[in-house]
Amino acid sequence: MDYFLSEEQKMIVDLCKKIAQEKIKPVRQHYDEIEEFPWPIVEEMAKTDLFRIYIPEEYGGLGGSIFNLCLAVEELSKVDGAIALCLAGTALGTFPILLFGTEEQKKKYLPDIAAGKRLTAFALTEPQAGSDATAIKTTAIKEADTYRLNGTKCFITNAGEAEIYTVIALTSPGRGVRGLSAFIVEKDTPGFTFGKKEKKLGIRASPTRELIFQDCRIPKENLLGKEGQGFIVALKTLYVSRPGVAAQAVGIAQGALDEAINYARQRVQFGQAIIHFQAIQHLLADLATQVEAARALVYSTARMIDADPEKRVTKESAMSKLFASETAMKVTTEAVQIFGGYGYMQEYPVEKMMRDAKITQIYEGTNQIQRNEIALALIKESASK
Amino acid sequence: MNIYILEEKCIGCGLCLKVCIYNALTLRERPEHPKKYKLAIIDLNKCTFCAACVEECKKYSAIVLEKEAISCQPSAISLYKGVWVYAEQRHNEIAPVVYELLAEGKKLAQKLNVSLSAILLGDKISHFAQELIFHGANKVYLVEDTILKNFLDEPYSEVLAQIINEEKPEIILFGATNIGRSFASRVAAKTNTGLTADCTGLDVDLETRNLLQTRPAFGGNIMATILTPNHRPQMATVRHKVFPKAERDTTLKGEIIKKNVNLSNLIVRTQFIEFVKDITSKVNLAEADIIVSGGRGLGKPEGFKLIEELAQVIGGAVGASRAAVDAEWIPYSHQVGQTGRTVAPKLYIACGISGAIQHLVGMSGAKCVVAVNKDPEAPIMKIADFALQGDLYEIIPALIKELKK
Amino acid sequence: MNIIICIKQVPATTNVQIDSETGRLKREGVESIINPFDEYALEEGLRLKEKFAGKVIVLSMGPPQAETALRECIARGADESILLSDKNFAGADTLATAYTLAQAIKKINPGGGSSTPYDLIICGKQAIDGDTAQVGPGIAEKLNIPHICYVRKIEEIKDGMLRVERLMEDGYDILEMKLPALITVVKEINIPRLPSLRGLLLAKKTKINLWNAEIINAEKDKIGMTGSPTTVKKIFTPPARKGGETISGSPEEIAQKTASRLKELKII
């Protein structure tokens, strides 16, 4: 489908396709196996300016378009959703600074992030606080010119490799979500260490670790927004980042679909290529239609955010992430099916795609939470009529 | 120079479109034509005047290429006589291609009724002169100087250009080796004459005494016959292992002519430091009669252990496809194909290589091709003399066992 | 350190396929690319610039559409680009091409000789359409500077001397050469970078210098087809290699049959 991309957007897509095909494809299986952070690829992304895409020009970026970021993430994810996450995860960690940072904070952090010199991560989840942010236990107690952080964050993407962390913690325990605040914490701050690295079903090239704060003192200038705004920071961050997850899902889905079509054209059974069987044809037709629908939804949402950053996109953002991730899971599962026994083998790429797809239904708000958000928005819309 | 379509002759068949690799030709509708024939149109911005379409359109002669009268003065062409072969030597060895050039040069010389000479440049290399005569040279021009001890483009080309100007040969053949291709290019530019690279076919037109130089282009997808009609000498580099070697005949007699070349004005700006032998490849790919190559289908770097074992058993060299080199399973020096080496062994065994066109052009000179591949549809299986279908990890060990018997 | 890179735009032969029925090149989808070997030349130039500072100037002779190849070089980091385009350049063989490029290089550097504002000219070892490998040495001769072909590594640049490794069939030579000089490079020398997004945006806006025969003071009888000693007499498609026998069976059977067939044919 023609989405009438601008010349610059076509450029981004072409370049990401090159990076994906020439740099990532030959090593994707390797990184999935060794479960290590793909630094050479990340350096390639930095050199080709991919980290600049979603950052405004005044901070060394290329304009700060969410849509352009989605295009990049989708293209990279067609080949490897895990490696694409190095970029998407950094964008997620940067959004709080972009949305709530002071001019000083932006000037201090964004140029290095744009250059790909420093990666970022976003830390909200805790062992007891997944979908339920009211259960957050990490505290940040103000003491003179510092905040003292104590607690543990878990399942943090890019943890250990990133140098800048945006962390949500309680400044006023007992006040529920209104007691939460957001902070910038730099790696190597005394009292800030990393816990165990998780072994995962998929996205294995992307590190997922614990952040441990033990009397970690950070300067009060590192507060993002105001005290008590932490929950808002988290929500607004997720509204703009979810299209990125959705784009990752669309990319994974498209990658699996392409593999499946190719395979179906080559695989001969009962004397003919299996693509000649209507059972396969109808299946591929359905999958292709769903991928296209998901893409259209994601692109529209991303364009909406770019057109008016102040506009509430809770519902659309949740819809994109919900629909695209469900599509990714469906398409990758069916792709494995089309590959038959070969699909189940690591020698072929689709089993990895299926493993990678699953996380898109879970992180940055499970799809159940997305449905809650959508339903809530429906009720609000109806009530205001 | 101009190229155009004769509208009355063009029938819009589109043959010319198919041979134009520059996309310079299109067809347009021609409702005004009584038979509604389409008309071919040439985009001069794209056309390189390669004349492929003219050749294709012979039947209708609808495409005309007008060449302007060449203004280079035929440089006293009739003064140039004789066929020369550059006797490349390195590390106290004559390059094997030289003996092939002597055999082919002899044929050309006989047709043209002239003598065949060898040019031998170096330091303390006079002992090769007799060997060149035994292989068919009527004369050997010998230049010895310490400055020529190792091959350097500048002094070598200066010396050869001087001898050319004095002796005026009509044809000079070089081996298309790394040295030959670099050296001949500089000599041709110095003497302002034509050079045709990497020839695989040579003949002469007796009427014009022109050398018909046939060579592959576009990675071997097309062949072109090139002439140097108005300049002498006509220079060509010739691919190794295309022509048979000259027989050694110790009864042959010839003349050794020591040339004194004035090198006093020569400024040598290049210096040879040392040669480092490649120890990873036991057998030189370019010289190998048997090559066993591995590709992406090996799946892992260890696969080359198997390839090496087969190569050892069969007495061959190890080659590789670009995919295997890019995956860093084996060094680049083993790469066969467009961006690697061109080889022409008697036997080429391709294991787990799909046979992309870039690979095929590098080994299409092989006399016999054996391909081992899971996929019967792989391009290499379609061109192989023996297509072995199956898992290479089963077939190769079996083959090794069989050959050891 | 100022470096001139000579590039050529070529049809992407990676996409050229032979029609199995007609045995001809399929012309559909043949796009134009930078000659792959020239990408290594550009990359080496960019690396030297990053190390020693200076400018990278890219030079190409070709039709107006070769501009896209030059823009791609800008996107990767080249500072300036010059396209030599003139109807009179058409049909040039390697000698006329070397002369034309050398004339342009003299124009970039009107001084000539040893006191040059350029230090090094880098070319790819050959173009994948013509495969001649002749233009690089030809340029060096026309400029009267030394050259070394098939460079696989630049070891050192010091005190106006360049130390390189020249790939040979059986290893490599280490050579030293006085600058200014010309080298042609092989694939082994580096891995070319991709363009950056900022580079691509810049390349879109950059002016490509267009030079014709007059600007470079080219003599008319030395350029284009007129200045080319060689002419193409005939172009034809080589007979396609035909397939032979398929040998199937158990691995042992396949091995046995293959070995005996090869022995029969006296290949082994």
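Of note:
- Amide H contacts of C:Ile121 (H built 1.01 Å from N, in plane; Pro and chain starts excluded): C:Ile4, C:Ala181, C:Leu182, C:Ile183 sit under 5 Å, all sequence-distant by 5 or more or on other chains.
- The alpha carbon centroids of the stretch B:192-243 and the stretch C:28-102 are separated by 27 Å.
- Mean Cβ neighbour count within 10 Å, used as a protection proxy, ranking A:265-278, C:204-217, A:123-136 highest first: A:123-136, C:204-217, A:265-278
- Sorted by Cβ density within 10 Å, fewest first, the residues A:Met319, A:Met353: A:Met319, A:Met353
- Neighbouring Cβ atoms from other chains, within 10 Å of the Cβ of residues in C:91-103, number 3 on average.
- Estimated translational diffusion coefficient (Stokes-Einstein, Kirkwood radius over Cα pairs, 4 °C, 1.567 mPa s) of the stretch A:1-154: 76 µm² per second.
- Base-10 log of normalised Debye intensity for the stretch B:2-66 (one unit scatterer per alpha-carbon) at q = 0.12 Å⁻¹: -0.25
- Percent breakdown of C-alpha pair distances by 5 Å bin, ordered from the shortest bin, for the stretch A:120-230: 2, 13, 25, 26, 19, 10, 4, 1, 0
- Residue among B:Lys190, B:Lys38, B:Lys81 with the largest mean-square fluctuation in a Gaussian network model of chain B, springs linking Cα atoms under 10 Å: B:Lys38
- Assigned charges on the beta-carbon of Lys, Arg, Asp, Glu; the stretch B:74-258 dipole about Cα centre (debye): 220
- When its C-alpha radius of gyration is set against 2.2 N^0.38 Å (N residues), the stretch C:2-222 gives a value of 1.00.
- For the stretch B:285-404, the spread of Cα positions along the three principal axes, ordered from largest to smallest, is 33, 27, 27 Å.
- Span-like helix ranges in chain A, DSSP H, alpha carbon extent 20 angstrom or more, Kyte mean at least 1.6: A:81-100
- Calculated P(r) of the stretch B:169-221 - Cα pairs past 12 Å, %: 69
- Inter-centroid distance (Cα atoms) of the stretch A:75-96 relative to the stretch A:270-306, Å: 23
- Lys/Arg +1, Asp/Glu -1 at C-beta; the protein assembly as shown dipole; positive extreme among A:Ala375, B:Ala387, C:Pro192: A:Ala375
- Cα gyration tensor shape for the stretch B:74-258, rounded if a/c is under 1.5, else prolate or oblate: rounded
- The eigenvalues of the Cα gyration tensor, multiplied by 5 and square-rooted, give chain A an equivalent ellipsoid with semi-axes of 36, 22, 20 Å from largest to smallest.
- Viscosity 1.306 mPa s, 10 °C: Kirkwood-radius Stokes-Einstein D of the protein assembly as shown over Cα pairs, µm²/s: 49
- For the stretch A:143-186, the Stokes-Einstein estimate of translational diffusion at 10 °C and a viscosity of 1.306 mPa s comes to 134 µm²/s, using the Kirkwood hydrodynamic radius over alpha-carbon pairs.
- Antiparallel content of DSSP bridges confined to the protein assembly as shown, in %, to 5: 50
- Among A:166-176, A:355-365, B:348-358, the order from most to least packed when residues are scored by Cβ within 10 Å on average: B:348-358, A:355-365, A:166-176
- Inter-part distance where the stretch B:85-145 and the stretch B:172-187 are each reduced to a Cα centre, Å: 14
- Cβ neighbours within 10 Å from other chains - mean over C:179-192: 2
- Shielding of C:219-230 by partner chains, average beta-carbon count, 10 Å: 6
- When you count the other C-beta atoms within 10 angstrom of each residue and take the mean per peptide, C:135-144, C:187-196 line up highest first as C:135-144, C:187-196.
- Note on chain B: Kirkwood hydrodynamic radius from all Cα pairs is 24.1 Å, rounded to one decimal.
No value in this document is a laboratory result; all are computed from the given coordinates. Treat the numbers as computed from the prediction; the structure is a model and nothing was measured. Counting neighbours? That spans all protein chains shown, and the Cβs are built from the backbone with ideal geometry, glycine included.
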